[in-house]
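Shown next, in structure tokens, is the structure this report addresses.
The values are calculated or read from the model by the stated rules, or taken from the named source; none is laboratory data. Predicted model, so just to flag it, every value in this text is computed and none were measured. All Cβ positions, glycine included, derive from the backbone under ideal geometry; neighbour counts span all protein chains shown. The accessibility values were calculated without ligands, DNA or RNA, using every heavy atom of the protein model including side chains. Shrake-Rupley method; radii C 1.70, N 1.55, O 1.52, S 1.80 Å.
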Amino acid sequence: MKNKGFTTQLVHADRLLNLPENGAVHQATNNSVLFEFKDAQGIVDVFQGKKAGHVYGRSSTGSAAALQNILNHLEGGVGAITFATGMAAITSTMLSLFKAGDHIIVSHFLFGNTRSFAETMQTLGIELSFVDVTDVRNIEQAYQKNTKAVYLETIANPVTQVADLPCIGRYCQEKGLLFIVDSTMTPPNMFDAKSVLASITISSLTKYVSGHGNVLGGAVVDTGLFDWSKFDNILDIYRGADTTLWGLTQMRKRGLRDMGATLSPQSCHEISIGLETLVLRTDKTCDNALRIASYLHNHPKVTAVYYPGLADHPQHFLAREYFKGYGGILSFDLIDEIDPIAFLNALELVICATHLGDTRTLALPVASTIYFESSQQERDEMGINDNMIRMSVGIEDSDDLVADFEQAFGKF
Ligand SMILES: *Cc1c(COP(=O)(O)O)cnc(C)c1O
């Protein structure tokens, strides 16, 4: 399978990777929570990790294993774990790998709920430094003796800062730091996380991977590039013979099993169906986003456009080198005379909604919604202006999207 194109591998993955029964081309969705062992020794062996198998639906099921196989295959990793939501993937990973007294260097430009969860980690005694990750020198400056990891997002939302991925990856490798990359904005057809030496990728499957706004999910993939034998937070019971599996084992047991945010078999099925058209959807989304960004960039009623595909974006060249396409998120600032709420109400096709990575084009006012809990100073530091609108561009016909903006601007 490895030598085939991305989508060829994807649409044949169930048939070839997961070998469903009776010639089915899809892995069956099986809702059983319990699993019978004809010989009681079998359940003992699975509990003790001597044999592979499922014992209880919270820890693993055939449906979850099938989706994990595909996600891992697409990233070229050593294993994947799925979770009920993207936030569950993040919280379970962080709480199972880190403890009080650890220090983590975290991007200043984070998804709002991740930022809010970071504050919860601080209350548990995990030390964090928030830095501007567009320049590796800020990471170097924040490094301390107890630094264990760097955590960032590939393209930040809503201002679309692109992290200095290759330099940070090299720095993490040099220092033996775990490099955790939230790659929700750049699914594996757009970005090879291993090329920047990421240790772990985390993503919200709710967004581009499933794509249709009808299912929640999250995943963690271990790329196999991190040496877990140097990570002293791994508990003795998870230090098996194969060091490459230490991290995944601890995340699976302490994260998924104990914290319990399991992805349901039905959701696994829906996500894998959405995933089949990932390339078709993201290619169209990226084309549409670039067209709208260029349109807005030249518009007299717009003061700024934030999109990595524009030549004047500060990390345009980095994005061009490391991503295939520039993503579907773009933000823009309206001139002061236009109220963002009134402008959103004037759009007829574009839907006012939070969420991103959908087939439909969505927009929302940023400061008063997703950053409502942040102080003015925090918003200033993140570059979020009061009259900023964030868009998640969909797969509609781009002429219709541009026409919708034309008619909306016409009202002001
Ligand atoms: C949406 C999102 C999440 C959270 O995912 P959910 O599936 O909504 O829990 C995490 N990180 C990023 C970058 C996201 O966009």
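Numbers below:
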quantity	calculated
DSSP-defined beta bridges in the chain - what % are antiparallel, rounded to 5	55 percent
Proximal charge balance of Ser59 [Cβ under 12 Å; K/R count +1, D/E count -1]	+4
Distance in nm between pseudo-label sites at Tyr295 and Glu140 (7 Å out along the Cβ direction from Cα)	4.4 nm
Environment charge of Val131, counting only residues whose C-beta is closer than 12 Å and scoring Lys/Arg +1, Asp/Glu -1	-4
Label-point gap, in nm, between Phe317 and Phe47 - each point 7 angstrom along Cα→Cβ	6.0 nm
Helical mean residue ellipticity (222 nm; -39500 (n - 2.57) per DSSP H run of 4+; nearest 500) of the chain	-10000 deg cm²/dmol
Under 5 Å, built H, 5+ apart or other chain: amide partners of Leu128	Ile104
Cα convex hull volume per residue for the chain (Å³)	141 Å³
For Arg252, solvent-accessible area (1.4 Å; no DNA, RNA or ligand), Å²	80 Å²
Kirkwood estimate for segment 281-409, i.e. one over the average of 1/r between Cα atoms, Å	14.9 Å
Positive-end residue of Thr29, Phe332, Ile126, charge dipole of the chain with Cβ unit charges	Thr29
Selected from Gly112, Gly49, Gly260 as most flexible by GNM, with the chain as the system and alpha-carbon contacts under 10 Å	Gly49
Prolate/oblate/rounded label for segment 119-160 (Cα gyration tensor, a/c 1.5)	oblate
Cα shape, segment 64-218, gyration tensor, a/c 1.5 rule	prolate
Potential extension, Arg239-Thr7 segment - 0.36 nm per residue separation minus Cα distance	79.9 nm
Summed side-chain charge close to Ser392 - residues other than Ser392 whose Cβ falls under 14 Å, Lys, Arg +1, Asp, Glu -1	+3
Inter-part distance where segment 241-281 and segment 340-412 are each reduced to a Cα centre, Å	31 Å
Relative contact order %, the chain, counting alpha carbon pairs below 8 Å whose residues are six or more apart	16 percent
Exposure of Tyr151 as accessible area (Å², to 10), given a probe of 1.4 Å and all protein chains	10 Å²
Rg/Rh for segment 60-140, where both radii come from Cα atoms and Rh is the Kirkwood radius	1.05
Value of Rg to Rh for segment 42-91 (Rh from inverse mean 1/r over Cα pairs, i.e. Kirkwood)	1.02
Pairwise FRET efficiency - Asp132 versus Ser368, Cβ, R0 = 22 Å, nearest 0.05	0.35
Distance (nanometres) between label positions extended 7 Å along Cα→Cβ at Asn31 and Ala342	5.1 nm
Beta bridge orientation in segment 281-409: antiparallel %, DSSP, nearest 5	85 percent
FRET efficiency, 1/(1 + (r/R0)^6) with R0 30 Å, evaluated for Lys230 and Asn113 via beta carbons	0.45
Whole-angstrom gap from segment 66-137 to segment 167-234, using each part's C-alpha centre	9 Å
Accessible-area ranking of Arg320, Arg390, largest first, probe 1.4 Å	Arg320, Arg390
Lys/Arg +1, Asp/Glu -1 at C-beta; the chain dipole; positive extreme among Tyr306, Ile389, Ile180	Ile180
Estimated FRET transfer efficiency (Thr303, Asp397; beta-carbon r; R0 22 Å; 0.05)	0.20
Most mobile listed residue (Glu270, Glu153, Glu378) in the chain, GNM with C-alpha springs under 10 Å	Glu378
Whole-percent carbon and sulfur share, accessible surface of the chain, 1.4 Å	52 percent
Theoretical gain in end-to-end length, Glu378 to Leu17 [0.36 nm per residue, Cα-Cα removed]	125.4 nm
Largest to smallest accessible area among Leu19, Leu216 [probe 1.4 Å]	Leu19, Leu216
